[in-house]
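Take a look at the structure below.
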Amino acid sequence: MKATLTAERREFASSLRALLKAECPVTLVRALNEPGADRSAPTLWKALAGAGVFGLAIAEEFGGSGGSLDDLAVFSVEAGRALFAAQPALRGVANAAVALGSLDLVGVGQAVIDRTVGYTMVRHQFGRPIASFQAAQHLIANMHIALAAARLAAHSAVFWMARGRVATRETAIARMHAATAARLVTLDAHQLHGGMGYVTETDLHLWSERARWGSTLAGGADVAAAWLEETMNEQERA
């Protein structure tokens, strides 16, 4: 790996720097970050489109420039140098990724519950299905409750983002519920599966691994709680 740019990419970086200096001066950055500002900036977007920025990492056969993520990295450096784009826009992109990731965890959790309910109905103990025991029913009920809260919170975040809001508060709440539910659902599922929950033949571990991995993306429940606290403090100061 080379940390230095090739001559071609240095030239590309220089052209991007000149473009952003002309089309995205600090005065525009300040204006775009004002509450309630119109962030459409059509002149800037037209200039970026003309420079081929939006097709940098898209193959030529699909109408792009045929570049790579390395080329997009060059733009990212220059965008940071020029403070492009506005912070709410960047937060919106991050929030969308977190909210969709939370819904991924909801899907994981639902699959785990479905598999667990099915298992408890066919697994017999003391002459009857373990699903008939109140202890098992309580665990499954708690799994449903946790997942329902995660689903509602994640859909709420997506709903508001789809209508133009940054929805940082809703996204943080969604991440908290999704990460917490993913942990509870998978752990209880393994408990209800008994010894079969700890052998790879049942495939339950595949969903558990996905839940554990997905819960750490963009921070887990603790990180989301701190994120929510910061957002609420900002609202109080405003």
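The values are calculated or read from the model by the stated rules, or taken from the named source; none is laboratory data. Remember, predicted model here, so these are calculated numbers, not experimental data. Cβ sites come from the backbone with ideal geometry, for glycine too, and all protein chains shown count toward neighbours.
Annotations for the structure displayed:
- All of 111, 99 fail the test of being under 30 Å from residue 139 (Cβ atoms), crowded, with 18+ Cβ neighbours inside 10 Å and under 21 Å from the mean Cα position of the chain (by Cα), apart from 99.
- Being within 27 Å of residue 39 (Cα to Cα) and not aromatic (Phe, Trp, Tyr) is a property that residue 120 lacks.
- Count of the stretch 29-50 residues, restricted to those that are over 20 Å from residue 90 (Cβ atoms) and small (Gly, Ala, Ser), is 1.
- Single condition residue 154 does not satisfy, out of (1) out of contact with any Asp or Glu (no Cβ under 8 Å at 6 or more places or on another chain); (2) more than 30 Å from residue 36 (Cβ to Cβ); (3) not charged (D, E, K, R): (2)
- Residue match in the stretch 54-70 (condition: touching a helix residue (DSSP H, G or I) at 6+ places or on another chain (Cβ under 6 Å) and at pLDDT 90 or above): no
- Count - residues of the stretch 1-21 that are loosely packed, with under 11 Cβ neighbours inside 10 Å and part of a helix (DSSP H, G or I): 2
- Restricting the stretch 23-37 to residues that are among the aliphatic types (A, V, I, L, M) and surrounded by 11 or more Cβ atoms within 10 Å (Cβ to Cβ), the residue that is farthest from residue 73 (Cα to Cα): 37
- Scan of the stretch 38-86 for residues that are assigned to a loop (DSSP other than H, G, I, E, B), surrounded by 11 or more Cβ atoms within 10 Å (Cβ to Cβ) and either charged (D, E, K, R) or touching a residue at least 40 places away in the same chain (Cβ under 8 Å) (or both), ordered by number: 39, 82, 83, 84, 85, 86
- Just one of the listed residues (90, 83, 69, 48) is under 25 Å from residue 166 (Cβ atoms) and within 21 Å of the chain's Cα centre (by Cα), namely 90.
- Out of 183, 165, 169, 115, one residue alone is among the basic types (Lys, Arg), modelled with pLDDT of 95 or more and over 13 Å from residue 102 (Cα atoms). It is 115.
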